[in-house]
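Down below is the structure, laid out as structure tokens.
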Amino acid sequence: MKIALFYIFKKKKGYKVHISACSDNRILGIAIAAALIQAPEDKSEENSKLLTAERPPKEITELLKSSSRQMLPPSIQWSHPFTFSNWTAIQSDGSASTGMSGASHWLWQEGSPTEILEWKNHQRIIILGKAPFPRKFSPIRIFAGLNPTVKLLQVLTPEELNQCIRDIAQTEESVRSSALLHLKSFSSPDVVKK
């Protein structure tokens, strides 16, 4: 699945990536971090275009590549430095609700990548924001035959990123409300689908 990732906190950055075989949002988060957080030992220009944050421990990223190992000891944990929100977190003024006030837009760790809402033309977008509190976890791979990956396809230019944010900000309120209702249907059995 191709998705766009926008980091809107202090310095704006945007990426287009391809994700595959991510069974849940914890695994997706690890794969995104492994692909998009700068490796401290890498001094290349390409690495400098990536995000600055704490990378997952090597044991956790190695779990994604393992064909047999399904879990790690509880002592090996990590807390994702970002919240993941749907495109609906981008407000009409172009700002993003990614902290606690934006929790209704979040993609929760306990969920799955199917909760990434489509925007226009079947585009899926994740807004990365600074995590308002740590949520440590020890990952578990549910399916041994899946090798979760996030492949970086493109680093967006500032102009491309700003244009995307403007376009999302101009989304009609009825479309935004419908998308949020759809998102709530993932987590609430009481929501009646129309």
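Take the stretch 144-194 and flag every residue that is at pLDDT 80 or above, loosely packed, with under 14 Cβ neighbours inside 10 Å and not in a helix (DSSP H, G or I). Listed by number, the residues that qualify are Lys151, Leu153, Gln154, Thr157, Gln170, Glu172. On inspection, Ile140 qualifies as of a type in the set (A, V, I, L, M), over 23 Å from His18 (Cβ atoms) and touching a Lys or Arg at 6+ places or on another chain (Cβ under 9 Å).
Any idea which of Pro74, Pro56 is buried (at least 18 other Cβ atoms within 10 Å of the Cβ) and over 14 Å from the mean Cα position of the chain (by Cα)? That would be Pro56, the only listed residue that is buried (at least 18 other Cβ atoms within 10 Å of the Cβ) and over 14 Å from the mean Cα position of the chain (by Cα).
Residues Tyr7, Tyr15: which one is surrounded by 22 or more Cβ atoms within 10 Å (Cβ to Cβ), modelled with pLDDT under 90 and either under 22 Å from Ile125 (Cα atoms) or not β-branched (Val, Ile, Thr) (or both)? Step through it out loud before you land on a result.
On the way: Tyr15 fails: modelled with pLDDT under 90.
Sole residue among the options that is surrounded by 22 or more Cβ atoms within 10 Å (Cβ to Cβ), modelled with pLDDT under 90 and either under 22 Å from Ile125 (Cα atoms) or not β-branched (Val, Ile, Thr) (or both): Tyr7.
Ile37 passes every criterion in (1) β-branched (Val, Ile, Thr); (2) surrounded by fewer than 22 Cβ atoms within 10 Å (Cβ to Cβ); (3) in contact with a Pro (Cβ under 9 Å, 6 or more places away or on another chain); (4) within 19 Å of Ile140 (Cα to Cα) apart from (4). Output the number of residues of the stretch 1-56 satisfying the condition of being in a loop (DSSP other than H, G, I, E, B), over 24 Å from Ile165 (Cβ atoms), touching a strand residue (DSSP E or B) at 6+ places or on another chain (Cβ under 7 Å) and in contact (Cβ under 8 Å) with a residue 60 or more places away in the chain. Number satisfying all stated conditions: 1. Taking residues in the stretch 79-104 that are more than 17 Å from Ile3 (Cα to Cα), and partners anywhere that are among the aromatic types (Phe, Trp, Tyr) and part of a loop (DSSP other than H, G, I, E, B), the pairs with Cβ atoms closer than 9 Å and at least 6 places apart or on different chains are Ser79/Phe133; Met100/Phe133.
Restricting Ser68, Ser97 to those that are surrounded by 13 or more Cβ atoms within 10 Å (Cβ to Cβ), out of contact with any Lys or Arg (no Cβ under 6 Å at 6 or more places or on another chain), farther than 14 Å from Phe137 by Cβ and modelled with pLDDT under 85 reduces the list to Ser97.
The values are calculated or read from the model by the stated rules, or taken from the named source; none is laboratory data. From a predicted model like this one, the values you see are computed outputs, not experimental measurements. In this analysis, Cβ positions are derived from the backbone assuming ideal geometry, glycine residues included, and neighbour counts consider all displayed protein chains.
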